């Protein structure tokens, strides 16, 4: 089980993916907030103080690459960033995002590996 105080923000414009990830993480004991885009997530980060942010690369508005840059600039490596995408490696935006994050997954996400990673935090 993850520590009960492990705080995670899940950001994905796909409502089903966002809900699935949130539910799985809550089931292993995380406190979870979710957002449909990077801009909404930025408003949560200051008040929620997450240990981890799981972010989709391709989102309308503030996408995962721009969000990763802002989070690294503001928080350094104090927040663990996990990038997720349905696109292939080799896409310039995906590759640039994955260089900024601590861990990454391609969709469909292997939930057991994600849970194992979160538990190790």
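The values are calculated or read from the model by the stated rules, or taken from the named source; none is laboratory data. Worth saying up front: this structure is predicted, and the values here are computed from it rather than measured. Here Cβ is always computed from backbone atoms with ideal geometry, including for glycine, and neighbour counts include all displayed protein chains.
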Right, residue 44: surrounded by fewer than 18 Cβ atoms within 10 Å (Cβ to Cβ), assigned to a helix (DSSP H, G or I) and either at pLDDT below 95 or within 13 Å of the chain's Cα centre (by Cα) (or both) or not?
yes
Look through the stretch 101-121, keep the residues that are within 13 Å of the chain's Cα centre (by Cα) and closer than 23 Å to residue 47 by Cα, and return whichever of them is surrounded by the fewest Cβ atoms within 10 Å (Cβ to Cβ).
102
Restricting the stretch 18-34 to residues that are in contact with a helix residue (DSSP H, G or I) (Cβ under 6 Å, 6 or more places away or on another chain) and closer than 20 Å to residue 120 by Cα, the residue that is surrounded by the most Cβ atoms within 10 Å (Cβ to Cβ):
32
Filtering the stretch 75-94 down to residues that are touching a helix residue (DSSP H, G or I) at 6+ places or on another chain (Cβ under 7 Å), modelled with pLDDT of 90 or more and farther than 19 Å from residue 13 by Cα yields 79
Against the condition part of a loop (DSSP other than H, G, I, E, B), surrounded by fewer than 21 Cβ atoms within 10 Å (Cβ to Cβ) and without any contact (Cβ under 8 Å) to a residue 60 or more places away in the chain, how does residue 61 come out, does it pass?
yes
Positions within the stretch 71-86 being surrounded by 15 or more Cβ atoms within 10 Å (Cβ to Cβ) and farther than 22 Å from residue 22 by Cβ, in sequence order
72
In the stretch 102-118, which residue that is out of contact with any strand residue (DSSP E or B) (no Cβ under 9 Å at 6 or more places or on another chain) and in a loop (DSSP other than H, G, I, E, B) is farthest from residue 52 (Cα to Cα)?
108
Just to be sure I understand the filter: pairs with C-beta atoms under 9 Å, separated by 6 or more residues or on different chains, first member in the stretch 99-111 and within 14 Å of residue 10 (Cα to Cα), second member surrounded by fewer than 13 Cβ atoms within 10 Å (Cβ to Cβ) and at pLDDT 95 or above. Which pairs pass?
105/113
